[in-house]
Structures are given as structure tokens and as C-alpha cells.
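Notes to accompany the following structure.
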Amino acid sequence: MKFIETQILVIGGGATGTGIAWDAALRGLRVVLVEKRDLTHGTTGRYHGLLHSGGRYVVKDPHSASECIAENRILRKTHAHCIEDTGGFFVATPEDDGDYPDQFRAACQHIGIPCEEISIAHARKREPLMNPRAARVFGVPDGAADSFQATHSTAQAARQAGARILNYHEVTQLLRDGDQRVVGARVRDVARGEDIEIRAPMTINAAGAWAGLIAQTAGLRVDVIPGKGAMLAVNHRIVNTVLNRCKMPDDGDIIVPIHTVAVLGTTDERVADPEHLTIEPWEIELLLREGDQLVPGISRARFVRAWAGVRPLYQEHYNGASRDATRDLTLLDHHARDGVAGLLTILGGKWTTFRLMAEITLNKACEYLGAQKPCITAHTVVPGVEHGHYWLGHRLHEVEENHLQSELICECELVTRAMLENAARQHPTFSLDDLRRDVRLGMGPCQGGFCTYRAAGILQSLVVSQQSSVSSEQSSVNSAAEEWNVAEMQSPAHNLQPPTSNLPLPISNSPNLLLRDFLQERWKGLLPILWGRQLKQERLDELIYLGLMNAPHLPDAHATSAMSEFYARPGIAATADADAGGAQ
Amino acid sequence: MTELVVIGAGLAGLIAATRAAQAGHQVKIIAKGLGATHWHAGSVDLLGYFPNETVAIQRPLDAMRDIARVQPQHPYALLGDAQIGDALKNFLALARAIGLPYSGANQDGDNLWLPSPVGAARPTFLAPRAQRAGELSRTEPMLIVGLRGMRDFYPELIAENLGKQGHRARAAFLPLDLITDRRDITTVQLAYALDDPARREKFASELKKLAQSGERIGLPAILGMDAHADTFDELQAQTGAEIFEIPTLPPSVPGIRLTNALRNHLRELGARVDVNMDVIAFHAEGARVLWIESEASGRPLKHRAEKFLLATGGIIGGGINTDHTGKIWETIFGLPLVAPRERGQWFRARFFDPAGHPIFRAGIPVNREFQPIDANGARVFANVWAAGGTLAHCDPILERALEGIAITTGSAAACFAGRK
């Protein structure tokens, strides 16, 4: 078995875990992060993309709200390129409680969240589709955050500061030394099928909704309250400002414009299992109905996708509904709590507060490690900030400037061939879904209809060219990761050349499996919202992959990847399979 | 006055209009857009798989008799052997007449196996001439040639998968600028570029250098548009090799060739084809539809006719629409549909489930004369017929029957309409 020695082992490659690795590395600590799938595959990559102003929790959870506004100001500097300054409206509709708006404004003032009441006429000028029956509107500094890019940038900053980040490495067991100490973890390298033992005087459990399962392997009880939230994406930016209902936080009360879409969120249902991501039909109905309150007629828009994430909420000895559980962050010091040293668990919080969660966690870890190093993440920018915020219009401009029209592999999101090739070279690719998170492949209206085949063909080409050119100077994946600027990965103009370095291609799957997995992965998120024009689009995708390609009858039809089983879980609870005695 | 208005310019509509025009009727097609032929492989898929079966059908004409037993309302069951045979014979003659000959397997009645753009074997019944040499029952080795930088065709992937299935195949590339200097390249533009004799001569001489003796050459389906026959013949002559086209990602050049040829032929027969006409209303008195109305600039346009033939495609063609409440409707006449009752029954959890997704079997129920009927089996209108992908009780894509359903039902519906 392979052994790794380090000072800090971080479990979980979401925003929080990556933030912890970054903070630790900046403090000069040796740190290794393990993530069982791809970075952001968990809750971080499954949220609506709101950068909180704090307005949403200002009445209900003022402490959380004040953390949000402080972090909002910091992240706009440290992760500037990942944040779009959309601003946010809090809209009181005639159906909402009439007293809440005044409470809301007072609470914002008290905490220091900039909040300005604006006239309905002015608000409608900015957002013409907003409910014209709105009674009052307040403007706050909400924003939209690209959680994929932010986490990748944080991870890159961490790597540059010396952190090791291992995705597709799953913790199977926390290692204990007697009853009173955790000394690291046994980890499964999913791609190679090897076990690794990672030893560290401090292990940080940042597995979010999975944190209870991790703690359990050391015999510790952590009752995470997994609160599943479903979201829907409209196929274009039906609003350009974040729209919130001005009332106590509830189901379906927010619309976030992010990149090319607008996201309707969210529901909140306490679930037993953090991997329970299947959407219930009532969730779709509720989101459409409530969405119509903010933007009348939004239920008749074209939706391209639905997904769910599971919030890692935590409240000691809590038995209620997840909607009412606190959004506050909690650091569990298992030495103080359970008499087990060498382990901290960080829970709760919001994406917006990930940096603060890392700071608090590392402060405690440093106490135990006897390292008196201050946190500098609030004043340190991550790589990519220099590029500024990147949106589809930039890609279009660069494609036109450089005449890259025929290079477009994904026309919906303007991904070029070289962008895909470089991303595949720089980032261990187990599925096309990993590349989707890197370059937004397959995220537009056709949901992989055209680009899945092209990506499989291009990756197969890379494999062939690698087999034919035997290279003597193969650099390691990690050293390349240091040169790689994730912000540049978003830009066609920074990827005019195909990859030149002869990196070992970290693709373990057959092209047929890549293709099948990605089509199924896209299908999962389409199932809940297939009607109208998106159903027509999907029928075209069927024509391509069944009729034209006969893809179900490709060789290796029964091969599976580490992700196949996950993708095969139904996207919505109601399917025709139920008739035949359950899914599958 | 127009005798027959066909709504829809996909394969079903074109075939129906052609048959009616051949029989001497005054015909007009009005259509919102073009059909699925523009997206598909350009071959005639008749029947490749039964729902829930993963083993392909070898003899589709025999298999149709089984369908008639198990699914008596399936369009093929409604048609029966004689009408299917007649429609296919008619199509073969028509295809020859318009300069795009199609043919089937050597043993009459068998499916052909042709390489798909991903290198799978796809079952089809009739192939255009340019696809025939790709037949996978043959043993000669294949050289799959792509154009470096072309995004809709991947020879290495095709060769790899053909190899895994026991076929001898290798991949090679030619530079894209042999054919075009353009930056925004689609299959259609490449096909038009090869209509130019100078370019295809250059292309042929480079191609010849790649091929080894005894190899047949597979190329993306871009071998000429208007001058396809010349392009194909010259490439074979100059390379001295057998050449075959492999369909590409849409748009489909072989599909467009077929559509263009059929439309030209209709024009010669004196029938109009008007595209970009969205039907927005109709008027019926008693059991007869008197006119339909299409959207136009200025004011809507009325189309009066004695008879109307619906060939609007199913969900993919826009003939059937759905919404988030689970409602499903026929878009022209609001005809009764056969469909799963609620949204929860529309789909299966797996995209590639061999049982198919129930919503895609939704459609218009018809009687044996292809006239739409209601839940009690009663005819809805005395002068309306339906054909193609809009019909209920079959899933033409899952069953690999897309063109077969279009041709056979289009042909039959036109014949029934002509008799009344």
C-alpha cells in the first residue's frame, strides 16, 4: 500500500474543503485534499449560484446574514473573475406578508447590508418581466457566482502554494490510533483501484452532506441534516438581477441569472441520504408555481435542466424540518466534543461563507498543531482574477476575432476543440461530465446532443496520437497543473493551439463509455423538465444517438465507469419504470 | 381548386404528395419546416428492433407479420404486406427516376448492416447507391478517411469500433483545405464544394495515395450535393477503389439530396411545395374540413381543399406538442391522441432503455384507411388523412423505422385519399 505523510488531510473537494486546502497551504502547512469524485461534484456544483448579500437570512438568521455580507465583500476581490455583479431585488408580491418588508429593511440597516427601496417603475425598467403587481422592491448587493470556476481557481491557488489535491480518491476509513486520536485516513484511488494510507496529525472533515458518513468510519456520531433542494434552469437569462421574494425564506422564492441561464430555486426536503438527488414531481410543480409569482409566465418558458443538491445543515440534537434548520456554520472539535483528537468537522454555512469556514477551521487546527500562522486568504487573490469576469459574449468575441467558427465543438456554449483538448490534458478526465465542469461542454439547450459525439471522437483522437508518439520526457500531471490557469481555460483565444506537451492522458475509459455515460448524465437532469420545445430537442438527440448512430449497440455495451451507477439513478421519482416494479 | 393539401414536407408528406400527383390529382404541400430526413442517415430504415428487444431484426418484412399479431394497431399492421410491398416498390422506382437509386440486401428482404458515424453497425433496409459498399457483411478491409479538423466526423473512432466488432478497418486523414478555404464549415458546405470538378479532382488524387489495393474507402457523406452522382463516379474511377459514404452528424447531406430531388420532381409534376407556412387555424363544417389558415405577413392565408393529409411529424416534427402540466395535443386540428395519461409515465430512467420512452409512442390513432379516429373508433373528419411520424402506436426512431413508416403510410394514405 502507498503511504503519504502530511500535516493536514482535508476530506472533501467542495468549496469548503478546497478553501481549507488553500488557507492551509498559504499558512505554510503541508496539506493533502482528497475528494471521492471530481471537485465540486457534490453540493458546491449543485446550487443555484447565488452570492448572498445576506438579505435572504437577515430577519431569520441575522448572524449568518452578517457573515454573508462580510464574505460577499471579500470574495468580490479574491475571486473577482468568478462573480458577476448582478445585484439583487427583494420583491414583495401582493400575496406576501405586509409587515415583512419593513422588518427586512430595518434588519438590513442594523447589520449593515446596503439596502435601498426602489420604485416599482424603476425596478421594472431593469427587470421588465418582474411581476407588475409587486408592492415593494428593495435593491441589495446579491451576485451570481460560478462555483465550478471559483473552486477550480481556489484549488489552483492551493496547488501553487504547495497543496496536493487528489480527486477520485475516496475515504474508506478514518484511521484511529487507540480510542483517543484520529491519525489520517485510508483512501481508495478510484481510477487505479489502489488503496492509499494518508497519515496526518490533523484531519479535517469537510465532506459536507457526507460528513456524517465519514465521521461514522471512526465511530463518531455527527447528525448532519441533509436538506435536499431542487432547482430548474430556464434556457436563457429571463432576468439579469437576482430576484428574491421579500418574505421569510421559503420554497421556490428565488431566481438567479447565471451565465446563459436563469435558475429557479429551491425546495427544501429533509432526506436520509446525501446521495438522494432524485427530484419529486411536486418539487417541479412548486417551483413553476412560485416562479410565476416573481416572473409571471415563467412556467411556460423553455427549461433545459433540473437538478438537486443536498445542503449540509447542522444543528446539535435537531429534529425539525430542514427548511427551519439554521444555515449557520458549525465547527465540531471532536477533541472537546468526543474526546477524540486529530479531527475537526466543519458543517453548515453557505457557498458565500466558504472562505470564512476555512479560516475558522484552520485557526482551530493551528492551535492543535502549535503553528501560529495568521490567515491571509481575505487579502490574497486567486489566479484568474486578472482576467476579469468571463461570460459567453467574451467567447463569441474571441471566436469571431480568431475565426474559430469551424472549431466549435459545443455551439451552445462556444467551446472550441482546443479548449476541450487542453482541459482533457490538464485535468484527469473520467467522464465527459468532468470536462463539462471545466469548459461548460453540453450545458446549453441541446444538452449534449451534438457535442457528446464530437467530444468522444476528439478524445479518441488524443488517445490515438498519444499511442503513436512515444515520448521520453513525460512530465507529471501535478507539475502541469501548476502552469495551468483555469481562467484561461474559459477562453477560446487562450487555446488557439492544441496541447503541445506530452502529458500522459489520464483517460481510463473507452470512448463508447464516455459517450454513454455523458448521454445518461444529461438525460438524468432533463427527465424532470421534458415537455414542449425541450422535448422536441430531446427527440432529435434520440434520432442522432439511436437512429443515426445506433449507439446502444456499440462494442463494450456493458462496460461501466466509476460514475455509471450514479448517472443511472432516476432524475425524477415518477417514471414509467415504476410500473414494471421499480426503477431499472 | 386544390384537391389535396398535404401538411408537412418531410418524407411522409413528400411521398404522399408525389403519389397523389402521379395519380393526376391537384396537390399542394404547405409546411412549417423540413422533415427529419434532413437529420437522419439518408437510408430507408424499415424495421430494425422491436421495443424491449436488444437483438436486431434480420428480416423486417417477416417481422412485420409478428407486429400485426402483437400490436394490431401498429401502422405496419394496419397496412399489411401488399400495401407495404407496393409502397416500397413505388419508392424504388421513384428514387431511380429522380437520379438517386436505392437498393436493398442481396437476399431480398434482409436488412443491410452499414457503419454508423460512431462505428456501430446500423440496420437499414434500403441504402442509397453511395452507401452500399459500406456493407458490413462484406469482408474487404475498410479505409475510413476523414478531413483533419472536420468536427462532425471521426474516422479513428469509427475504425476503432469497427475493429472491435471484427471488421478490418483503419483510419486516415486528408487536410480540410483540399476542399474548402472557408472558416465556418458544415457538411452541407463541404458537399457543395465538391460539386466543383476542380476540387474533387484534387481531392481524388490525394485520396488515391492513401488507399491500399483491395481496400474500400469510407468517407463522410459529403460527396457532392447537386452533382452527387458525378462526384461519386469520378472518385471511384480516379481512385480505382470502391467508395462509400458514412452519414455524419446533422445536417445530413444524403437526406437533403433526397428531399431536394423529391421536391424538384413534385415541381415537375405540377405540385407546389410551400415551406415556412405555419398552420394556425382551420374551419370545419359538419364532418368536413373546409380550409386551413397559415400565418403570413399581412394577414393569414386561407388554403381551401377537398381533402387534407396530415404529415406533420410527431413530437420532433411539431405535429404534436406538450406542456408542463402533462397536456399533449395535436397542433393542427386538435385531433384525439393516444398518449400516456400523465407526465410521470412519459419516460424511463435510462436514456437507452430498449423499451423506449412511452411518450414517443404517442400519436394520432387512425383506421385502416389512415383516417384519424376518436376513442370510440369513429372517424373524426370525413376528408382528413394522416401519415408518418404523427401516427400512434409506434416509435419510429426506437424501432429504426423512421423512413419506412414515412414512405409506406405516406403512400397508403395518399392512395386512400385519392379513392374518395
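When A:Ala123, A:Ala107 are checked against the criterion of being assigned to a helix (DSSP H, G or I) and under 18 Å from A:Gly54 (Cβ atoms), A:Ala107 stands alone in meeting it. Please work out if A:Val340 is under 30 Å from A:Gly444 (Cβ atoms) and either at pLDDT 95 or above or not assigned by TED's automatic domain parsing to the domain that holds A:Lys77 (or both). So A:Val340 does not fit the description; no. Would you point out which residue out of A:Thr429, A:Thr380 is away from chain B (no Cβ under 14 Å) and at pLDDT below 90? After applying the criteria, what remains is A:Thr429. When the stretch B:284-315 is filtered for residues that are in contact with a helix residue (DSSP H, G or I) (Cβ under 7 Å, 6 or more places away or on another chain), of a type in the set (A, V, I, L, M, F, W, C) and more than 14 Å from chain A (Cβ to nearest Cβ), the ones remaining, listed by number, are B:Leu309, B:Leu310, B:Ala311. What are the residue pairs meeting all of these: first residue in the stretch B:201-227, first residue without any contact (Cβ under 8 Å) to a residue 60 or more places away in the chain and of a type in the set (Val, Ile, Thr), second residue in a strand (DSSP E or B) and surrounded by 24 or more Cβ atoms within 10 Å (Cβ to Cβ), Cβ atoms under 8 Å, and 6 or more apart or on different chains? Close Cβ pairs satisfying both conditions: B:Ile222/B:Glu245. For the stretch B:316-325, the set of residues classified as out of contact with any Ser or Thr (no Cβ under 8 Å at 6 or more places or on another chain) and either more than 8 Å from chain A (Cβ to nearest Cβ) or modelled with pLDDT under 95 (or both) consists of B:Thr325 only. Among the residues of the stretch B:327-383, those identified as of a type in the set (Lys, Arg), farther than 16 Å from B:Ala287 by Cβ, modelled with pLDDT of 95 or more and in contact with a strand residue (DSSP E or B) (Cβ under 9 Å, 6 or more places away or on another chain) are B:Lys327, B:Arg361.
For the stretch B:2-15, check the following and say yes or no: at least one residue is within 14 Å of chain A (Cβ to nearest Cβ), crowded, with 24+ Cβ neighbours inside 10 Å and not basic (Lys, Arg). Yes - at least one qualifying residue is present in the stretch B:2-15.
Let's see how each residue does on (1) surrounded by 24 or more Cβ atoms within 10 Å (Cβ to Cβ); (2) touching a His at 6+ places or on another chain (Cβ under 7 Å); (3) closer than 30 Å to A:Ser431 by Cβ:
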{"residue": "A:Arg30", "(1), (2), (3)": "no, no, no"}
{"residue": "A:Gly42", "(1), (2), (3)": "yes, no, yes"}
{"residue": "A:Arg46", "(1), (2), (3)": "no, no, yes"}
{"residue": "A:Gly55", "(1), (2), (3)": "yes, no, no"}
{"residue": "A:Asp61", "(1), (2), (3)": "no, no, no"}
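Apart from one condition, A:Pro498 fits all of (1) out of contact with any Pro (no Cβ under 8 Å at 6 or more places or on another chain); (2) modelled with pLDDT of 85 or more; the exception is (2). Given the residues A:Glu521, A:Glu482, which is the only one that is within 30 Å of A:Trp22 (Cβ to Cβ), among the acidic types (Asp, Glu) and modelled with pLDDT of 80 or more? Of A:Glu521, A:Glu482, the one residue that is within 30 Å of A:Trp22 (Cβ to Cβ), among the acidic types (Asp, Glu) and modelled with pLDDT of 80 or more is A:Glu521. The number of residues in the stretch A:138-166 that are part of a loop (DSSP other than H, G, I, E, B) and either among the hydroxyl-bearing types (Ser, Thr, Tyr) or touching a strand residue (DSSP E or B) at 6+ places or on another chain (Cβ under 8 Å) (or both) comes to 5. For the stretch B:106-127, taking the residues that are among the aliphatic types (A, V, I, L, M) and assigned to a strand (DSSP E or B), the one that is nearest to the other protein chains (Cβ to nearest Cβ) is identified as B:Ala121.
Determine which single condition A:Lys364 fails, assuming it passes every other condition in (1) part of a helix (DSSP H, G or I); (2) more than 23 Å from A:Arg199 (Cβ to Cβ); (3) touching an Asp or Glu at 6+ places or on another chain (Cβ under 7 Å). Just one mismatch for A:Lys364, condition (2).
Selection within the stretch A:82-108: residues that are surrounded by 14 or more Cβ atoms within 10 Å (Cβ to Cβ) and touching a Pro at 6+ places or on another chain (Cβ under 9 Å). The member of this set that is nearest to A:Met489 (Cα to Cα) is A:Glu84.
One residue stands out in the stretch B:329-343 among those that are closer than 21 Å to A:Pro528 by Cβ and touching a helix residue (DSSP H, G or I) at 6+ places or on another chain (Cβ under 8 Å): the one that is farthest from the other protein chains (Cβ to nearest Cβ), namely B:Ala339.
Residue check: B:Leu94 meets all listed conditions (1) closer than 24 Å to B:Gly377 by Cβ; (2) hydrophobic (A, V, I, L, M, F, W, C); (3) crowded, with 20+ Cβ neighbours inside 10 Å but one, namely (1). For the stretch B:169-206, a residue qualifies if it is more than 14 Å from chain A (Cβ to nearest Cβ), in a helix (DSSP H, G or I), in contact with a strand residue (DSSP E or B) (Cβ under 9 Å, 6 or more places away or on another chain) and modelled with pLDDT of 95 or more, and the qualifying residues are B:Phe203, B:Glu206. Among the residues making up the stretch A:328-361, none is assigned to a helix (DSSP H, G or I), of a type in the set (Lys, Arg) and in contact with a Cys (Cβ under 7 Å, 6 or more places away or on another chain). Determine, yes or no, whether B:Ala36 is out of contact with any Pro (no Cβ under 6 Å at 6 or more places or on another chain), in contact (Cβ under 8 Å) with a residue 24 or more places away in the chain, within 10 Å of chain A (Cβ to nearest Cβ) and not polar (S, T, N, Q). Yes. Only residues that are modelled with pLDDT under 95 and of a type in the set (Lys, Arg) were counted in the stretch B:273-301, giving 1. Of the strands (runs of 3 or more DSSP E) lying entirely inside the stretch B:253-321, the ones with 1 or more residues being surrounded by fewer than 19 Cβ atoms within 10 Å (Cβ to Cβ) are found at B:272-274, B:279-285, B:288-294, B:301-304.
Being of a type outside the set (Val, Ile, Thr), more than 25 Å from the chain's Cα centre (by Cα) and in the same structural domain as B:Leu92 (by TED's automatic domain parsing) is true of B:Ala305. The listed residues are B:Phe370, B:Phe351, and the only one of them that is under 30 Å from A:His558 (Cβ atoms) and buried (at least 20 other Cβ atoms within 10 Å of the Cβ) turns out to be B:Phe351. For the stretch A:416-434, the criterion of being under 25 Å from the mean Cα position of the chain (by Cα) and part of a strand (DSSP E or B) is satisfied by at least one residue.
Picking from residues in the stretch A:452-467 that are at the interface with another protein chain (Cβ under 8 Å from one of its Cβ atoms) and in contact with an Asp or Glu (Cβ under 9 Å, 6 or more places away or on another chain), the one that is surrounded by the fewest Cβ atoms within 10 Å (Cβ to Cβ) is A:Val464.
For the stretch A:554-569, name all the residues that are surrounded by 21 or more Cβ atoms within 10 Å (Cβ to Cβ) and either in contact with a strand residue (DSSP E or B) (Cβ under 9 Å, 6 or more places away or on another chain) or more than 9 Å from chain B (Cβ to nearest Cβ) (or both). Listed by number, the residues that qualify are A:Met563, A:Tyr567.
The values are calculated or read from the model by the stated rules, or taken from the named source; none is laboratory data. Everything quoted here is computed from the prediction, not taken from an experiment. As a convention, Cβ positions derive from the backbone with ideal geometry for all residues, glycine included, and neighbour counts pool all protein chains shown.
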